[in-house]
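Encoded as structure tokens, the structure appears first; notes follow it.
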Amino acid sequence: MKVGLIDVDGHHFPNIPLMKLSAWHKAHGDMVEWYEPLFSGHLDRVYMSKVFSFTEDYPYHIRADEVIKGGTGYCIETINGMERYQKDKDIKLPDEIEHTYPDYTLYPKLCTDTAYGFLTRGCPRNCLFCHVAAKEGAYAVKVSELSEFWNGQKRIVLCDPNLIACKDWQSLIQQLIDSKAKVNINQGVDIRLMTAEKAKMIKRMKIDSIHFAWDRYEDKDVVLPKFRMFKEITGWGPQKTSVFVLTNFDTTIDQDLERIYTLRDMGYNPYVMIYNKGSTNKNDVVRQMQRWVNNRRIFHTVKRFEEYQV
Ligand code: SF4
């Protein structure tokens, strides 16, 4: 069988389902290649994968007997300004493929000595602005051992939506500690669920960077003591600890700025995320705030937003 792959989002981050599909087909003797509209001949099957709903769909005609489209980008739709999960458009990988060791050769630069994957899926929070609970389940559940996608690489990029909400968090973090690999937990770790025990175990990992989220302003009284406790236990500086700050959803600019200043004062690096609600243009205050905060050099030099806006 001749199989083509299209990473619709581009090749900026390795597409995990495509890497698993590639590995599975190769293991079954199939030929696998990136689909090129000008150079690929007629193929038996083409898989298209799209992670982000805002990515434009693939614009070219595809010459293949069968085209299979999958990924979050195809099953999230914006309805009345809100992102909604469309279950009927969600195609899951068959179990056998889901549990295949990824073909990292598809992304030789991004995957140099780096493994990517999920130890858990799902999240119990069900935040209104997020589709994880609807798509993956309203609980965090272990879905694989580390060895399923890691084979001695020096770096691990973990994409779990809420690792420490999983009841198996301890054994999973232990696997990451034992790997001695540098770990980047690239989704937000739920600071509301942080305990001293969890923080001490996380500290034992070789952490490259860890991201938290403070999305809901009203969580202030819960998250602030947890942020302080995590800092005290790990002693990690802002270069290792960043915090996603959701804006343009249900907060005011003053509430956004309060979160930003508070996090900076506590030694965390805030990172502004803009909820995709209606369109924002580059002059909107929220977009200016994002440019100011997310450019670390400017953010640490220009201390107040009013000074940046002048
Ligand atoms: S805690 Fe994070 S992953 Fe879970 S539902 Fe909320 S935004 Fe999504």
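Please treat every number below as a calculation from the coordinates, not as lab data. Source: prediction; values computed, not measured. Cβ coordinates were reconstructed from backbone atoms using ideal geometry, including for glycine residues, and neighbour counts include every protein chain displayed.
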What does the charge count around residue 221 come to, taking other residues whose C-beta lies under 14 Å from its C-beta (Lys +1, Arg +1, Asp -1, Glu -1)? +3
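For the pairs 200/226; 69/109; 69/92; 69/282; 26/87; 135/182, flag any whose C-alpha to C-alpha distance is greater than 22 Å.
69/109; 69/282; 26/87; 135/182
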What do you get when you divide the Cα radius of gyration of region 65-148 by 2.2 N^0.38 Å, with N the number of residues? 1.28
Percent relative contact order of region 1-100, based on C-alpha pairs within less than 8 angstrom and at least six residues apart? 29
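Considering Cα pairs under 8 angstrom that are at least six residues apart, work out the relative contact order of the chain and quote it in whole percent. Mind dumping the intermediate values first?
Details: 556 pairs, mean separation 32.2, N = 310.
Relative contact order, the chain: 10 percent.
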So what J values fall out for region 215-220 if you push phi through Karplus, 6.51 cos²θ - 1.76 cosθ + 1.60 with θ = phi - 60°, rounded to Hz, Gly and Pro as x? 8, 9, 4, 5, 7, 2
Built amide H within the under 5 Å cut-off of residue 213, gap 5+: 189, 191, 244
Tell me which aspartates and glutamates have Cα within less than 16 Å of residue 89's Cα, excluding those fewer than 8 residues away on the same chain? 57, 77, 136
Solitary cysteines of the chain, where the nearest other Cys Cβ is not under 4.7 Å: 75, 111, 123, 159, 166
P(r), alpha carbons of region 167-223 - 5 Å bins starting at zero, rounded %: 4, 17, 27, 26, 14, 8, 4, 1
Peptides 255-261, 195-201: what's the order by average Cβ count within 10 Å, highest mean first? 255-261, 195-201
Whole percent per 10 Å bin, from 0 to the bin with the longest distance: what is P(r) over all C-alpha pairs of region 1-100? 15, 46, 32, 7, 1
How tilted is helix 253-265 with respect to the longest principal axis of the chain? Cα atoms for both, answer in degrees (0 to 90, nearest 10). 80
Report, largest value first, the span of the C-alpha coordinates of the chain along each principal axis, in whole Å. 58, 46, 34
Taking amide H positions as placed in the peptide plane 1.01 Å from N, state which residues far from residue 182 in sequence (5 or more) or on other chains have amide H under 5 Å from it. 155, 156
